[in-house]
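What follows is a single structure, written as structure tokens, with notes after it.
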Amino acid sequence: MIHFLTTARHSYTVGEYLKSWAGRAHPLVKMLAYETLPSILPRGTYIFSDLERLSAAQAALAEEAWNQLAAAGDGIRLLNHPVKAATRRTLLQRLHDDGTNTFRAYVATDAAARPRFPVFVRQAAEHEGSFTGLLRDRDEVDQAVVRLLLSGVAADDILIVEFCDTAQDGVYRKYSAFRVGDRIVPRHLMFSRKWIIKIPDLIDPAKVEEERDYLERNPHERELRRVFDVAQIDYGRIDYGVLDGRIQVWEINSNPVVMISRERYGRQRMPAQEAFAEQIRQAFAAIDSTGAAQPMVTLDLAPRARAILGRGGTV
């Protein structure tokens with residue numbers, strides 16, 4: 001069985017895939033919320049997701065759950081260490097430092113930041129995309145930051161990101177691929193004349209063929225595997241563009257929507273969705289771990305909680 005750990009509000013990401021695409025032979029999947037994590041767990045595969053949304057205390061307790069599951073022996077496989085996996089902010093910094101990304105991202109609290117304009121402003125821990133359009137100077141950035149602060153966003157959750165223009169002939173391409181354990185599975189290639197791409201708004205036979213070719217060839221597999229390794233993320237979806245032949249990584253989502261329901265895909269793109277569904281089924285089957293004949297694992301998170309509260313021990 002595969003257990004997905006998510007925040008309670010974001011447990012929907014796998015549901016439509018399981019309902020519409022998985023099929024009867026698919027490994028059993030159970031969703032678990034960090035907020036209501038049971039103290040007794042069966043053996044199997046555990047995917048720790050939604051990591052960027054966890055508070056410091058939640059991440060520390062999730063790490064303790066990981067450690068106790070890891071120490072329980074056979075029949076357990078763990079993906080995405082809750083503390084070692086890189087957040088968006090950390091990952092973007094690493095990828096700029098190692099030369100992968102040409103653009104930089106700064107926390108709004110970094111007084112020494114000297115971004116290259118234009119930039120956009122977004123939340124570090126969410127996946128709704130940019131909070132702003134492209135901003136041309138510091139005054140526009142300051143106004144956007146004020147609006148976010150007034151809306152209740154914490155200062156250290158506000159990112160200022162340099163714009164990286166990957167358009168070719170006025171068309172932006174958003175590439176996405178999953179990592180599931182050891183496998184890199186290309187997800188989709190979307191086209192738009194808008195630099196923020198949430199849905200494909202340019203679809204024609206040539207673009208459908210280009211997406212098909214991307215899914216079949218998996219042309220960036222080696223680079224993507226290296227980026228996932230840099231991020232120390234075993235499960236998630238990477239979103240990226242290509243500039244002058246080099247990938248430019250926007251983010252890795254540790255709790256991505258796998259697929260939506262069949263009826264929401266257009267006819268032209270359906271063959272690509274069928275191909276991805278088969279590849280992701282195989283990838284999930286490859287990480288499945290069963291330990292039904294072995295004893296359950298009992299978690300004791302109270303000592304770690306006492307440490308967090310300053311009542312002894314270490315966090």
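The values are calculated or read from the model by the stated rules, or taken from the named source; none is laboratory data. All of these numbers come straight from a predicted model, not from anything done at the bench. FYI the Cβ positions are ideal-geometry reconstructions off the backbone, even for glycines, and counts take in every protein chain you see.
Of the residues in region 2-21, how many are surrounded by 19 or more Cβ atoms within 10 Å (Cβ to Cβ) and among the aliphatic types (A, V, I, L, M)?
Of the residues in that region, 3 qualify.
Quick test for you: out of VAL141, VAL161, pick the one residue that is in a helix (DSSP H, G or I) and surrounded by 19 or more Cβ atoms within 10 Å (Cβ to Cβ). Walk me through it before giving the result.
Working: VAL161 fails: in a helix (DSSP H, G or I).
Matching residue, one of VAL141, VAL161: VAL141.
Among the residues of region 133-143, are any among the charged types (D, E, K, R) and under 26 Å from VAL227 (Cα atoms)? First the steps, then the outcome.
Of all residues in region 133-143, those among the charged types (D, E, K, R) come to 136-140, 142.
When the remaining residues are screened for being under 26 Å from VAL227 (Cα atoms), the result is none.
No: zero hits.
Answer with yes or no whether ALA71 is at pLDDT 95 or above and over 30 Å from ALA275 (Cα atoms). Quick ask: steps written out before the conclusion?
Details: at pLDDT 95 or above: yes; over 30 Å from ALA275 (Cα atoms): yes.
Yes; evaluated as a whole, the condition is true for this residue.
Working only within region 235-266, note down all residues that are charged (D, E, K, R), under 19 Å from GLN279 (Cα atoms) and surrounded by 15 or more Cβ atoms within 10 Å (Cβ to Cβ). Lay out the reasoning, then the answer.
Step one: filter region 235-266 for residues charged (D, E, K, R), giving 237, 239, 244, 246, 251, 262-264.
Cutting the leftovers down to under 19 Å from GLN279 (Cα atoms) gives us 237, 239, 262.
Within region 235-266, ARG237, ASP239 qualify.
Of the residues in region 96-116, how many are surrounded by 14 or more Cβ atoms within 10 Å (Cβ to Cβ) and either of a type in the set (A, V, I, L, M, F, W, C) or closer than 14 Å to ILE196 by Cβ (or both)?
Pass one, region 96-116, residues surrounded by 14 or more Cβ atoms within 10 Å (Cβ to Cβ): 96, 100-108, 113, 115.
Narrowing the set further to residues that are either of a type in the set (A, V, I, L, M, F, W, C) or closer than 14 Å to ILE196 by Cβ (or both) leaves 103, 105, 107-108, 113.
Number of matching residues: 5.
What number of residues within region 251-284 satisfy the criterion of being of a type in the set (Ser, Thr, Tyr) and farther than 23 Å from ALA25 by Cβ? Outline the logic, then answer.
Step one: filter region 251-284 for residues of a type in the set (Ser, Thr, Tyr), giving 254, 261, 265.
Now narrow it down to the ones that are farther than 23 Å from ALA25 by Cβ: 254.
Residues that pass the stated criteria total 1.
Among the numbered criteria (1) within 23 Å of ILE197 (Cα to Cα); (2) out of contact with any helix residue (DSSP H, G or I) (no Cβ under 6 Å at 6 or more places or on another chain), which single criterion is violated by VAL121?
Every listed condition holds for VAL121 apart from (2).
Considering every residue within region 187-205, establish whether at least one is surrounded by 13 or more Cβ atoms within 10 Å (Cβ to Cβ), over 21 Å from TRP250 (Cβ atoms), of a type in the set (A, V, I, L, M, F, W, C) and modelled with pLDDT under 95.
Yes, region 187-205 contains at least one residue that is surrounded by 13 or more Cβ atoms within 10 Å (Cβ to Cβ), over 21 Å from TRP250 (Cβ atoms), of a type in the set (A, V, I, L, M, F, W, C) and modelled with pLDDT under 95.
Which number in (1) in contact (Cβ under 8 Å) with a residue 12 or more places away in the chain; (2) part of a helix (DSSP H, G or I) marks the one condition that LEU149 misses?
In the conditions (1) in contact (Cβ under 8 Å) with a residue 12 or more places away in the chain; (2) part of a helix (DSSP H, G or I), LEU149 misses (1) alone.
Would you mind stating whether ARG217 is over 24 Å from PHE103 (Cα atoms) and touching a helix residue (DSSP H, G or I) at 6+ places or on another chain (Cβ under 9 Å)?
On the way: over 24 Å from PHE103 (Cα atoms): yes; touching a helix residue (DSSP H, G or I) at 6+ places or on another chain (Cβ under 9 Å): no.
It is false that ARG217 is over 24 Å from PHE103 (Cα atoms) and touching a helix residue (DSSP H, G or I) at 6+ places or on another chain (Cβ under 9 Å).
For the subset of region 196-216 comprising residues that are within 22 Å of the chain's Cα centre (by Cα) and without any contact (Cβ under 8 Å) to a residue 60 or more places away in the chain, which member is nearest to GLN273 (Cα to Cα)?
Residue satisfying both the conditions and the ranking: TYR214.
Restricting to region 144-158, give me the number of residues that are β-branched (Val, Ile, Thr) and either surrounded by fewer than 18 Cβ atoms within 10 Å (Cβ to Cβ) or over 23 Å from the mean Cα position of the chain (by Cα) (or both). Can you show your working first?
So in region 144-158, the residues β-branched (Val, Ile, Thr) come out as 145-146, 153, 158.
Pick out the ones that are also either surrounded by fewer than 18 Cβ atoms within 10 Å (Cβ to Cβ) or over 23 Å from the mean Cα position of the chain (by Cα) (or both) and you get 145-146.
Counting residues in region 144-158 that are β-branched (Val, Ile, Thr) and either surrounded by fewer than 18 Cβ atoms within 10 Å (Cβ to Cβ) or over 23 Å from the mean Cα position of the chain (by Cα) (or both) gives 2.
Evaluate region 267-284: report whether one residue or more is assigned to a loop (DSSP other than H, G, I, E, B), surrounded by fewer than 16 Cβ atoms within 10 Å (Cβ to Cβ) and out of contact with any Asp or Glu (no Cβ under 6 Å at 6 or more places or on another chain). Even if it seems obvious, please write down each step before you answer.
Step one: list which residues in region 267-284 are assigned to a loop (DSSP other than H, G, I, E, B), which gives none.
Checked against the condition, which is being assigned to a loop (DSSP other than H, G, I, E, B), surrounded by fewer than 16 Cβ atoms within 10 Å (Cβ to Cβ) and out of contact with any Asp or Glu (no Cβ under 6 Å at 6 or more places or on another chain), region 267-284 yields no hits at all.
Could you tell me whether region 217-234 includes any residue that is touching a residue at least 60 places away in the same chain (Cβ under 8 Å), polar (S, T, N, Q) and buried (at least 20 other Cβ atoms within 10 Å of the Cβ)?
no
Within region 1-55, track down each residue that is in a helix (DSSP H, G or I) and within 16 Å of PHE284 (Cβ to Cβ). I'd like the intermediate steps shown before the answer.
Kept after step one, since they are in a helix (DSSP H, G or I), are these residues of region 1-55: 8-10, 15-22, 34-36, 51-53.
Within region 1-55, GLY15, GLU16, TYR17, LEU18, LYS19, SER20, TRP21, ALA22 qualify.
Give me the residue from region 1-53 that is under 17 Å from the mean Cα position of the chain (by Cα) and among the β-branched types (Val, Ile, Thr) and, out of that set, nearest to ASN67 (Cα to Cα).
My answer is ILE47.
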